[in-house]
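Only the coordinates and a few stated rules stand behind these numbers; no lab work does. As the structure is a prediction and not an experimental result, all values here were calculated from the model. All Cβ positions, even for glycine, are placed from backbone atoms using ideal geometry, and neighbour counts span all protein chains on display.
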2 protein chains.
Amino acid sequence: MNELDRLSPAEARDLIRRGEWEKPTSGLANGYTQGNLVVLPKELAFEFLLFCQRNPKPCPVLDVTEPGSAVPALVAPNADLSVDIPKYRVYRGGEMTEERTDIKELWNEDMVGFLLGCSFTFEHALMNNGIPVRHIERGWNVPMFKTNIQCVKAGRFEGPMVVSMRPIPEKDVVRAVQVTSRFPSVHGAPVHIGNPESIGIHDLYQPDFGDPVQIHEGEVPVFWACGVTPQAVAMHVKPEIMITHAPGHMFITDIRDEKYGVL
Amino acid sequence: MNELDRLSPAEARDLIRRGEWEKPTSGLANGYTQGNLVVLPKELAFEFLLFCQRNPKPCPVLDVTEPGSAVPALVAPNADLSVDIPKYRVYRGGEMTEERTDIKELWNEDMVGFLLGCSFTFEHALMNNGIPVRHIERGWNVPMFKTNIQCVKAGRFEGPMVVSMRPIPEKDVVRAVQVTSRFPSVHGAPVHIGNPESIGIHDLYQPDFGDPVQIHEGEVPVFWACGVTPQAVAMHVKPEIMITHAPGHMFITDIRDEKYGVL
């Protein structure tokens, strides 16, 4: 572990808040859960929360702010979601209009912030169990694919589930299911194992997002629901304004990964 | 198993809908999950869903209807929440004003129905593991207590957690934790084991709701979050109108209990 690993979540957020860290957050404050951010106007908040409720695998909710507040009271009561993330993306009418390092002046009394679990937590659990995670070994983005699995609709929110793929050695597949099942708050168990065609994925080497990774002899492609799903679905609604973290630039909570293990 | 045990959920709901079953639902369509009902005006729905989100142990959400619809699309797409429960209670301004066997004419376009997990599911799991559940053996209501554990506030919704108590033989306490941990959607693991004083319960033989049950030598009182919590909290807000099931008269879903096991 280096010094950045050992930062407390509050120290890491402070570094970010002071503008001294504008890079991806992977490796910061190791062992603490990081989350995806989606900020939407109050008018869409109930439907979006309902969508998450109905689709807990792609949209595992860690925290929701009170309308107008940028404080994630459950997972980091001293944090400020408008300044504690290294890079944000602002979408207007479904189009990205800018990237910023804070969104203080955009967070008006109409805004509701959603923090959703991310795969970092279960990937740590896999690695702690000796199960290799190829894209991390390579320093790449995980490959992500749109599937033919439709999310359950909620109001205006609907669309296909996006999944991430990790090649898992045959001997470790059962353990990978067990390990990730412990963490339903961060995508949980896989949604599919073994046959990409049947969930509408025709070429594993042409992901819709992220980088392709090689599948070796004796490995099985295993698919987990992905946190890109709610962003894609929200974008489809073309809200007047929507703000997210920039990919890899996550929010660091005060909650230890292991706290999200159900057993 | 008798004939009522073996009814399918649809058959049981049909019996109820035709007015041929106005009694508690325990034992109907065995093996299928039953749920608590809370119906609130749309204006309160986001805050209530947020409250449930922040307090998943007492308020495990199984399904939420679209505003105006009485169809729980996730757990029983052919059901009608306004007629498929044997007995309802209607509260106006926080006071119970009537009990009815249907709420068809009250379910206007402003209504949102919430189905919350109930303890039947994890009690079946305990009994399937050979762990005795005293109040069921006796045919009584489970004893329930207000605690000094404050729920996490959401908008206008706040208040103490209500828990249910089951005396568990010392040798079975660990197994009881394991078994109920599998079912986070129906209250999940206990919230306290062993020392009622420290959660604000001073006399185990004077429950706030339900019937007192005896704790034998060699047994430990174990406390689970209780589905009465969200009703108590919602009542406190004194909504213009709120409708719930009558105690024990639950909604029968199409989902098998085991489907809610996370592993």
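Listing for the model above:
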read-out	value
Partnerless cysteines, meaning none of the other Cys C-beta atoms lie under 4.7 Å away, in the protein assembly as shown	A:Cys118, A:Cys151, A:Cys226, B:Cys118, B:Cys151, B:Cys226
Along chain A, longest interval not containing exposed GluC sites (Glu not before Pro), exposed being DSSP loop plus at most 16 other Cβ atoms within 10 Å	A:23-108
Label distances, nm, A:Val152 versus same residue in remaining copies, Cβ-directed 7 Å point	2.1
Cα centroid separation, the range B:114-151 to the range A:97-158 (Å)	36 Å
Taking N as its residue count, the alpha carbon Rg of the protein assembly as shown over 2.2 N^0.38 Å	0.99
Theoretical FRET efficiency, 1/(1+(r/R0)^6), r = Cβ-Cβ of B:Arg92 and B:Lys171, R0 51 Å, to 0.05	0.55
Whole-Hz ³J(HN,Hα) from phi, Karplus 6.51 cos²θ - 1.76 cosθ + 1.60, for the range A:129-144, glycine and proline x	9, x, 9, x, 10, 4, 5, 6, 4, 7, x, 9, 7, 5, x, 10
In nm, spacing of pseudo-spin labels at A:Ser26 and A:Glu109 (7 Å Cα→C-beta vector)	4.2 nm
Rotational relation A to B, axis-closest Cβ in chain A, residue and distance rounded to whole Å	A:Phe46, 2
Using a Förster distance of 45 Å, the FRET efficiency for B:Arg6-A:Lys238 (Cβ separation, nearest 0.05)	0.35
Structure-based [θ]222 nm, chain A - -39500 (n - 2.57) summed over DSSP H runs of at least 4, per residue, nearest 500	-6000 deg cm²/dmol
Net charge over other residues, Cβ less than 15 angstrom from the Cβ of B:Asn30 (K, R count +1; D, E count -1)	-3
Full-stretch length increase - B:Ser198, B:Gln150 - with 0.36 nm per residue and alpha-carbon distance subtracted	16.0 nm
Vicinal HN-Hα couplings computed from phi for the range B:110-118 (Karplus, 6.51 cos²θ - 1.76 cosθ + 1.60; Hz; Gly/Pro x)	8, 8, 10, x, 10, 10, 10, x, 10
Within-13-Å neighbourhood charge of B:Val233 [Cβ basis; K, R +1; D, E -1]	+3
Of the DSSP H helices in chain B, those whose Cα atoms cover at least 18 Å axially and whose Kyte score averages -1.0 or more	B:42-54
Pairs of alpha carbons in the range B:120-229 whose separation is greater than 25 Å (percent)	16 percent
At R0 = 51 Å, FRET efficiency that the Cβ-Cβ distance of B:Gln214 and B:Arg18 yields, to 0.05	0.80
Hz values of 3J(HN,Hα) by residue in the range A:68-84 - Karplus curve (6.51, -1.76, 1.60), Gly and Pro given as x	x, 8, 9, 9, x, 4, 7, 9, 6, x, 9, 9, 9, 5, 8, 9, 9
Label point 7 Å beyond Cα along the C-beta direction, distances from A:Phe209 to other copies (nm, shortest first)	4.1
For A:Glu66, inter-copy label distances in nm, listed shortest first [label point 7 Å out on the Cα-Cβ vector]	3.2
Around A:Ala154: net Lys/Arg minus Asp/Glu count, Cβ-Cβ under 13 Å	-1
